[in-house]
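The values are calculated or read from the model by the stated rules, or taken from the named source; none is laboratory data. This is a predicted model, so every value here is computed, not measured. Cβ coordinates were reconstructed from backbone atoms using ideal geometry, including for glycine residues, and neighbour counts include every protein chain displayed. These accessible areas exclude ligands, DNA and RNA; they are computed on the full protein's heavy atoms, side chains included. Shrake-Rupley method; radii C 1.70, N 1.55, O 1.52, S 1.80 Å.
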Amino acid sequence: MRSASRPPIVVDPPTTVPQYLAQRLDRDPRSPMIALPDGNGGWNTLSTTETFVEVNALAAGLVALGLKQGDFVGIIGPTSWNWSRVDMALMTIGAVSVPIYETSSDDQIRWIADDCTFAAVLADTQKQADVIVHALGEEAIGKLPLGMRLMATGGLDDIAAQASPADHEEVTRRRDALTGDDLATVIYTSGTTGHPKGVELTHANFAITTSNTATELWWICGPGTRVVMFLPLAHSLARMVNIMAMGSDAFVAYAPSPATLLEDFQSFRPTFALLVPRVFEKIYNSAEQSTGGGLKLKLFRWAAKVAIVSSREQDSRGGLSKRRKVQLAIGRRLVYRKLLTKMGGNLSVAISGGAPLGERLAHFFRGIGLRVLEGYGLTECTAPTSFNRGDAKLGTVGHPLPTTEIGVDDDGEVLIRGPHLFRGYRHNPEATAACFTDDGWLRTGDLGVLDDNGCLTITGRRKELIVTAAGKNVSPAILEDRLRGHPLVSQCVVVGDARPFIGVLITLDAEMLPGWLSAHGKTPLTLAEALTDPDIRTSLERGIERANLAVSRAESIRFLRLLDTDFTEDNGYLTPSLKVKRSLVLRDFAQDIDALYEEAAARRAHGG
């Protein structure tokens, strides 16, 4: 087995989340910590001291309500200060937060509630409360010791107002009594097959991971850093980055809706953001479509090519040529500056998480002046295990974090070992034992390679590996990553298990369609009409040809099928981090897959 590791950080890490956050209060109590929307497109500020006052007041209020150490509390709502404040308050008093996604099914919510036995559920608004009531029923809600409570419209302040001086003393006692072994949260996996598994993460898991990551990324976490949180805080990576940012001198704002993300960027002007690959694709495709076609479109594509080539040349021995530097300056003046302005004008670093970004987009954004850091990890390892800080080749996920070991076994599976690994799946010792080797390595299920410098590259998922009828092993990730760069593609799933060749299911991007049609001189089409338009199919086939350049002939996509529905969180085909639930798509669209191969066979029979 090949492996890479990093030594422990020099300073002693904190052992609990409250300890980690308290270090910031000791350093600079007056620094701006939380940005709150003012309702007029601007932001109000909570200092570090004011933030801690609000968190501790809520913690005391929860104690007054009767919340005990070790009690489980469900949290449901969008990314917001309310969500974060509840999470910090629960950790302060030793209670256990259990995130619930707003898109969770009734069965998933019932399973989580039964598995944890909630003392209470905190919902952001009545809308989220209704989701819980619909899943559990009024009678079950009535049996919760502390019932259902709303976070928005002053609900948290009402809880805080119930605290007495004795309750505040109890908060201090509980906070001081916490240890790294105490349970901080249970995060349930998406559950694409069977019941979701509850990943138990301790205070030490979070404290070690956040302090190690902040040490690794010190240059984006210090004073003056302005962070926009976009991913749902129920997601393990968003949760870790939020805690890291709050404890490392950053100024944090929350963007609860994708619809207002760019507006939040422009008003808050972040220097750093946590996003997912789909957002980067949308930013790129929207910029391309907004040109309106003609000469402006040609200029954008020329500038995009210059950015990508320039980024690649940065990694070569010779560096950028004089000619390339001139081209880059022209692109910056005419194209890149406008695009960066749309993202607030100050954004210089972003973390891409949840899924692979793809080399093309990584080079494009680096070329225009935005460094995108790709990392790798699982919920079971408190999110990150490695980060590409910029000192490793783009397309890799970088070196292990301090105290972490990464290995690749003889079958190509990525293995992880370190103090950030979860303590087990709740009430599921069999699944816990199955995911560890005898010597303590976590089996990730991902396939990867380690280069001579110890940098990890993820090549696919073991369970997603496609084996064609000819016995060829095909990893779909590289093809899908490249094909999603086409402006008309919303989502795609490569298929071909036990089939004669590789095919792909594609959903069209309804937002990008009008701009693409206009740019290509075509009359408006409905989404249904677009599915049968020959020009759209030809454009997609060209995109497939470009994607196929990354693989061998035997691994290449030979045929496509367009679907009349998109994959979204609402219909259950995307996870909250916007990854496709492949097994669900393969099951529900089995007839479309059969039709793809039947149509391909018919065309071949007729010489098509």
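Among the residues of region 362-389, write down those that are closer than 14 Å to Val414 by Cβ and β-branched (Val, Ile, Thr).
Scanning region 362-389 gives a single hit, Thr385.
Could you say which residue among Thr189, Thr153 is under 23 Å from Ser577 (Cβ atoms), surrounded by fewer than 23 Cβ atoms within 10 Å (Cβ to Cβ), touching a Ser or Thr at 6+ places or on another chain (Cβ under 8 Å) and not hydrophobic (A, V, I, L, M, F, W, C)?
Numbers: Thr153 fails: under 23 Å from Ser577 (Cβ atoms).
Sole residue among the options that is under 23 Å from Ser577 (Cβ atoms), surrounded by fewer than 23 Cβ atoms within 10 Å (Cβ to Cβ), touching a Ser or Thr at 6+ places or on another chain (Cβ under 8 Å) and not hydrophobic (A, V, I, L, M, F, W, C): Thr189.
Residues in region 339-393 that are over 26 Å from Leu233 (Cβ atoms) and aliphatic (A, V, I, L, M): Leu339, Leu340, Ile368, Ala392. Of Arg269, Arg239, all but one fail to be buried (at least 24 other Cβ atoms within 10 Å of the Cβ), in contact (Cβ under 8 Å) with a residue 24 or more places away in the chain and of a type outside the set (Ser, Thr, Tyr); the exception is Arg239. Is one or more of the residues making up region 473-488 touching a Leu at 6+ places or on another chain (Cβ under 9 Å), surrounded by fewer than 16 Cβ atoms within 10 Å (Cβ to Cβ) and free of Cβ contacts under 8 Å to residues at least 24 places away in the same chain? Yes, region 473-488 contains a residue that is touching a Leu at 6+ places or on another chain (Cβ under 9 Å), surrounded by fewer than 16 Cβ atoms within 10 Å (Cβ to Cβ) and free of Cβ contacts under 8 Å to residues at least 24 places away in the same chain.
Residues of region 202-223 that are over 18 Å from Gln23 (Cβ atoms) and open to solvent by 20 Å² or more (accessible area, probe 1.4 Å): Trp219 alone.
Between Val199, Val228, the distinction of being buried (at least 21 other Cβ atoms within 10 Å of the Cβ), of a type in the set (A, V, I, L, M, F, W, C) and touching a residue at least 60 places away in the same chain (Cβ under 8 Å) belongs to Val199 only.
Yes or no, residue by residue, for (1) of a type in the set (Val, Ile, Thr); (2) assigned to a strand (DSSP E or B); (3) closer than 17 Å to Leu586 by Cβ; (4) open to solvent by 40 Å² or more (accessible area, probe 1.4 Å):
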residue	(1), (2), (3), (4)
Val494	yes, yes, yes, no
Asp497	no, no, yes, yes
Leu505	no, yes, yes, no
Trp516	no, no, no, no
Thr523	yes, no, no, yes
Ala528	no, no, no, yes
Ser539	no, no, no, no
Arg561	no, yes, yes, yes
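Under the condition of being under 21 Å from Pro270 (Cα atoms) and open to solvent by 70 Å² or more (accessible area, probe 1.4 Å), which residue from region 40-69 is modelled with the lowest pLDDT?
Step one: of region 40-69, the residues under 21 Å from Pro270 (Cα atoms) are 40-48, 51.
Filter again for open to solvent by 70 Å² or more (accessible area, probe 1.4 Å), leaving 40, 44-45.
On the way: Asn40: 87, Asn44: 95, Thr45: 96.
Ranking the candidates gives Asn40 first.
The residues of region 577-588 that are open to solvent by less than 20 Å² (accessible area, probe 1.4 Å) and part of a loop (DSSP other than H, G, I, E, B) amount to a single one, Ser577. Thr403 meets all of the listed conditions (1) of a type in the set (Val, Ile, Thr); (2) outside any strand (DSSP E or B); (3) within 30 Å of Ala554 (Cα to Cα) but one, namely (3).
For (1) open to solvent by less than 30 Å² (accessible area, probe 1.4 Å); (2) over 24 Å from Asp481 (Cβ atoms), each residue gets a yes or a no:
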position: Val252; (1), (2): yes, yes
position: Val276; (1), (2): yes, no
position: Tyr284; (1), (2): yes, no
position: Glu288; (1), (2): yes, no
position: Gly292; (1), (2): no, yes
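Please go through region 431-470 and give me each residue that is of a type outside the set (A, V, I, L, M, F, W, C), open to solvent by 50 Å² or more (accessible area, probe 1.4 Å) and assigned to a loop (DSSP other than H, G, I, E, B), ordered by number. Across region 431-470, the qualifying residues are Asp438, Asp439, Asp451, Asp452, Asn453.
Considered as a group, the residues in region 140-149 that are closer than 16 Å to Leu90 by Cβ and aliphatic (A, V, I, L, M) include one that is surrounded by the most Cβ atoms within 10 Å (Cβ to Cβ), and that residue is Met148. Restricting attention to region 376-391, the residues that are at pLDDT below 90, open to solvent by less than 10 Å² (accessible area, probe 1.4 Å) and not aromatic (Phe, Trp, Tyr) add up to 1. Those helices (runs of 4 or more DSSP H) of region 316-384 in which 3 or more residues are touching a Gly at 6+ places or on another chain (Cβ under 8 Å) and either over 13 Å from Val397 (Cα atoms) or not small (Gly, Ala, Ser) (or both) occupy 359-368.
Given Gly454, Gly471, Gly485, which one is under 14 Å from Ala355 (Cβ atoms) and either at pLDDT below 90 or among the acidic types (Asp, Glu) (or both)?
Working: Gly454 fails: under 14 Å from Ala355 (Cβ atoms); Gly471 fails: under 14 Å from Ala355 (Cβ atoms).
The conditions single out Gly485.
All conditions in (1) open to solvent by 10 Å² or more (accessible area, probe 1.4 Å); (2) over 30 Å from Glu263 (Cβ atoms) hold for Leu90, with the sole exception of (1).
Given the criteria under 20 Å from Glu54 (Cβ atoms), open to solvent by 10 Å² or more (accessible area, probe 1.4 Å), at pLDDT 85 or above and not in a strand (DSSP E or B), does Asp264 qualify? Working first, answer last.
Working: under 20 Å from Glu54 (Cβ atoms): no; open to solvent by 10 Å² or more (accessible area, probe 1.4 Å): yes; at pLDDT 85 or above: yes; not in a strand (DSSP E or B): yes.
Against the criterion (under 20 Å from Glu54 (Cβ atoms), open to solvent by 10 Å² or more (accessible area, probe 1.4 Å), at pLDDT 85 or above and not in a strand (DSSP E or B)), Asp264 does not qualify.
When the residues of region 364-375 are narrowed to those that are open to solvent by less than 30 Å² (accessible area, probe 1.4 Å) and at pLDDT 90 or above, which ends up farthest from Val309 (Cα to Cα)? Filtering region 364-375 for residues that are open to solvent by less than 30 Å² (accessible area, probe 1.4 Å) and at pLDDT 90 or above, the one farthest from Val309 (Cα to Cα) comes out as Leu370. How do the pairs read when you match residues in region 160-187 that are closer than 21 Å to Arg85 by Cβ with residues anywhere that are open to solvent by 50 Å² or more (accessible area, probe 1.4 Å) and assigned to a loop (DSSP other than H, G, I, E, B), using Cβ under 7 Å and keeping only pairs 6 or more apart or on different chains? The qualifying pairs are Arg174/Gln69.
Residues of region 395-412 being touching a Ser or Thr at 6+ places or on another chain (Cβ under 7 Å) and either of a type in the set (A, V, I, L, M) or open to solvent by 10 Å² or more (accessible area, probe 1.4 Å) (or both), which ones?
The first filter runs over region 395-412 and keeps only residues touching a Ser or Thr at 6+ places or on another chain (Cβ under 7 Å), leaving 395-402, 404-407.
Within region 395-412, Gly395, Val397, His399, Leu401, Glu405, Ile406 meet the criteria.
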